[in-house]
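Written out below as structure tokens is the structure these notes cover.
Rule-based calculations on the coordinates, nothing more; no lab input. Treat the numbers as computed from the prediction; the structure is a model and nothing was measured. FYI the Cβ positions are ideal-geometry reconstructions off the backbone, even for glycines, and counts take in every protein chain you see.
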Amino acid sequence: MGYPLRWIKAGRLYETTSRSMHSRLLLRPSEELNNMLRGIIARGVRKPSEWPGASALKALLKGVPVVGHWFNRTEAYRAKRRGGKVGPWDHAEEESFELAPLPCWAELSAEERQEKAQALVQDIERETRERFAKEGKSPLGARRIMNQHPHSEPRNTKRSPAPLVHAASPEEWITYKRTWLYYVDCYREAANRLKKGDFTVIFPEGSIPPRLPSFRTHGQPRPAPA
């Protein structure tokens, strides 16, 4: 739970505190997932296919894997320590993954899911045309998006604390909060038992037990290495 490490590193690397760098848990019932998907596909362009950045559109429409690059900064650091020159793509490794179907589409065939994704894209394009025609405006467009500095932030950002969770209803928010508090209580109880010497204690699934302090008897010499 919380912010993934990759976003924390990105925030430090680009010296930004923008909320767009953070990923928060979303609790959505099946009927709300379409709206969430619409928000992911719809961007500041006339057509989702014109978006110049990372996108899962091809995976949704054609069922192909999403392909990207992971930069092995550990190897780049080691290469620099050895005195070598490191180019921007020297330690880039291609990664790919397949999108899991949305829960509300899980029972559909691959062809049916692609048809629904295509209908969603067509609906987004229609709504985009109608909205900008009504407002007398035009979308930002791929060229202007690419001309923006990648580290720029909005002029005005909210400074209020981030919510515990985004939920589709107050009932789901309360359910999540109760579950989270119970999770925290179980972890604290397990941590206290471990601190008292109970090494058989079981921590909640997905949690990381705290480190035990290292110690040796006062006055005893350090054992010689074997």
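Values computed for the structure shown
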| read-out | value |
| --- | --- |
| Cross-link pairs Lys58/Lys137; Lys137/Lys158; Lys47/Lys158; Lys47/Lys137 - those with Cα-Cα distance over 23 Å | Lys58/Lys137; Lys137/Lys158; Lys47/Lys158 |
| Tensor-based shape of segment 93-209 (alpha-carbon gyration tensor, a/c under 1.5 rounded, otherwise prolate or oblate) | prolate |
| ³J(HN,Hα) computed for each position of segment 128-144 - Karplus, 6.51 cos²θ - 1.76 cosθ + 1.60, integer Hz, glycine/proline x | 5, 4, 5, 5, 6, 5, 5, 7, x, 10, 9, x, 4, x, 4, 5, 5 |
| Potential extension, Ser207-Ala92 segment - 0.36 nm per residue separation minus Cα distance | 38.3 nm |
| Point-to-point label distance, Ala110-Tyr183, nm (Cα→Cβ direction, 7 Å offset) | 3.3 nm |
